[in-house]
Number of protein chains: 2
Amino acid sequence: MVMNERLPQRSSPLESQIVEILVERIQSGVYPVNSRLPSESELAAEFAVSRTTVRGALGTLATNGLVKRRHGVGTFISPATRISNPLNEVINFAELITGQGYAFGFRHIGARFRPAEPGVSEALGLAAGAEILEVSKAFTADGVPVIYTVNLIPPHLFEQCYSRQDMLQPGATEPLYEFLEGACGQRIEQYVATVRPSIARNILIHDQPPEGDPLLPVLVIEEVAYNGSGVPVLFEIEYLLGDRMKFDLVRRRRFSNR
Amino acid sequence: MVMNERLPQRSSPLESQIVEILVERIQSGVYPVNSRLPSESELAAEFAVSRTTVRGALGTLATNGLVKRRHGVGTFISPATRISNPLNEVINFAELITGQGYAFGFRHIGARFRPAEPGVSEALGLAAGAEILEVSKAFTADGVPVIYTVNLIPPHLFEQCYSRQDMLQPGATEPLYEFLEGACGQRIEQYVATVRPSIARNILIHDQPPEGDPLLPVLVIEEVAYNGSGVPVLFEIEYLLGDRMKFDLVRRRRFSNR
DNA sequence: CAGTGGTCTAGACCACATG
DNA sequence: ATGTGGTCTAGACCACTGG
């Protein structure tokens, strides 16, 4: 009945595949904003799956704000509700910066091996005082640094593939997610982060203060990254300079499902 | 078989009731940290519900970090993983402040009716320039203001119960959630928030700067509150003074279910 | 191998909104 | 009265982990 027929294949969970298909349709405008989706039963028939499976997928979309469900009425494509830079998702800095209309750039600041602070080694499950690799970078919008990151990476992640010298080269770990997934076999699934405000003059990146106004507000995110098995992988500190960046967040009551 | 037998009653969804029961057991230590929970089938039998229903409840607990599931092994009570002040949940300021060991206090700063800014009236679905009630408060820790809030409340919410004069009295809307739920019949289910850092000297609450160091970092949360039907209820601005407060956040990849 | 969680189904019934 | 989403069941099969 539908052009561009695409039915789910086995191999990954049907529910995830249906999420993908529906996201495609929403983003490509097959389902226009504010329109009503086909009913759960219709989608179930179209995809040849049970209504339960369709409901799971729609639940995921609703949780992520793409869709709004109304009991007794239907499921609707959310209007502009698309949250722009969700703080509770993993951020892709390149997308973030280009998405706001700036030219994206990357700058190496420094890399070195040093002993981990007690808090860091504990969070990563390392021996007290174990050495870690510290890599500091800046990301620029139209040439102006707007994000600084400090990554603290345990050497056991990469030392089977790379020498210490390799790792000190500018850009060796950039982009970070691809480096971790490709070279280290670690896929980051989740961060546990602490968020606080600060001022540019109160922070140091690789022993240097950030460029620009020392009174610029800064959003500081300190976080531990975990892989899919719940094992801590690395420690990361992000400094988001407040001038040009805004972040959104959906906040809910606890245990309010989806 | 189990002491303190408590079986779910109908009336609210079984799944939610099972969540509550399990949370009680976890918090009261019936299931100690790191211990394995009974298997899904055992719980299903105990509660006399289907395994599907138990799984839903366990999924909610896993999403909220109380529990860690391991395929082929079991479901385990998470260790200290309890996130302290989750930024993605609705914050109860009194709990937040007392929970960090300070004495909680509340201070009325001002209340007035004024026309809404275009951004606010649009977000709340009001006519351009409609009048709203602005209520400004401070919350103190050991007497020191650590949180300021500005609530922008559309008059239609309360004008059937209260006069405008009533609403201008100090504490008329405090605690806010109880006021909204009791007097206005509005239960807040969700906020869509924007988070940014700032500096104390850059903000004004009821025409006054905050007390204390003008260079104090401030976390600013601007948010629209929605009720369960997705209707915007009020606009709120929170100023979290960065000195004593920390906030945590779990960040995930998009569409990674639970 | 046995036991666990992960996925999926088909069908039932309910609660809600709308005409 | 109809059709929608919300809840729940019983049972099947799969995938993973551990002894």
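The values are calculated or read from the model by the stated rules, or taken from the named source; none is laboratory data. As the structure is a computational prediction, the values presented were derived from the model and not from experiment. In this analysis, Cβ positions are derived from the backbone assuming ideal geometry, glycine residues included, and neighbour counts consider all displayed protein chains.
List of remarks:
- Test: residue in the range A:231-253 that is modelled with pLDDT under 85 and at positive phi: no
- Sole residue being within 14 Å of chain A (Cβ to nearest Cβ), of a type in the set (S, T, N, Q) and either over 29 Å from A:ARG254 (Cβ atoms) or not in a helix (DSSP H, G or I) (or both), chosen from B:THR194, B:THR173, B:THR140: B:THR194
- Residues satisfying the stated conditions in the range B:17-50, i.e. closer than 14 Å to B:GLY74 by Cα and charged (D, E, K, R): B:ARG36, B:GLU40, B:GLU42
- Members of the range A:28-44 that are crowded, with 18+ Cβ neighbours inside 10 Å and near DNA strand D (Cβ under 7 Å from one of its atoms): A:LEU37, A:GLU40
- Qualifying position, being within 16 Å of B:GLU134 (Cα to Cα) and hydrophobic (A, V, I, L, M, F, W, C), among B:LEU219, B:LEU157, B:LEU215: B:LEU157
- Residue in the range A:158-174 that is closer than 30 Å to B:MET245 by Cα and in contact (Cβ under 8 Å) with a residue 12 or more places away in the chain present: no
- In the range B:202-245, the qualifying residues are those that are polar (S, T, N, Q) and within 11 Å of chain A (Cβ to nearest Cβ), and the one that is farthest from A:ILE221 (Cα to Cα) is B:SER229.
- Test: A:ALA62 is touching a residue at least 12 places away in the same chain (Cβ under 8 Å) and within 14 Å of chain B (Cβ to nearest Cβ): yes
- Matching entry among A:ARG114, A:ARG69 (being within 11 Å of DNA strand D (Cβ to nearest atom) and assigned to a strand (DSSP E or B)): A:ARG69
Conditions tested, residue by residue: (1) within 30 Å of A:ILE147 (Cβ to Cβ); (2) touching a residue at least 60 places away in the same chain (Cβ under 8 Å).
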{"position": "A:VAL30", "(1), (2)": "no, no"}
{"position": "A:PRO38", "(1), (2)": "no, no"}
{"position": "A:SER50", "(1), (2)": "no, no"}
{"position": "A:GLY56", "(1), (2)": "no, no"}
{"position": "A:LEU87", "(1), (2)": "yes, yes"}
{"position": "A:GLY99", "(1), (2)": "yes, no"}
{"position": "A:ILE109", "(1), (2)": "yes, yes"}
{"position": "A:PRO115", "(1), (2)": "yes, no"}
{"position": "A:GLU122", "(1), (2)": "yes, no"}
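- Odd one out for A:ARG25, checked against (1) at pLDDT 90 or above; (2) within 12 Å of DNA strand D (Cβ to nearest atom); (3) surrounded by fewer than 18 Cβ atoms within 10 Å (Cβ to Cβ); (4) of a type in the set (D, E, K, R): (2)
- In the set (1) crowded, with 18+ Cβ neighbours inside 10 Å; (2) part of a loop (DSSP other than H, G, I, E, B), B:LEU96 fails one condition alone, (2).
- Taken over the range B:228-245, the criterion of being touching a Pro at 6+ places or on another chain (Cβ under 9 Å) and in a loop (DSSP other than H, G, I, E, B) is satisfied by B:GLY242, B:ASP243.
- Residue check, B:PHE47 within 16 Å of DNA strand D (Cβ to nearest atom), surrounded by 13 or more Cβ atoms within 10 Å (Cβ to Cβ) and within 14 Å of chain A (Cβ to nearest Cβ): no
- Residue check for A:ASP248: within 11 Å of chain B (Cβ to nearest Cβ), outside any loop (DSSP other than H, G, I, E, B) and among the charged types (D, E, K, R): yes
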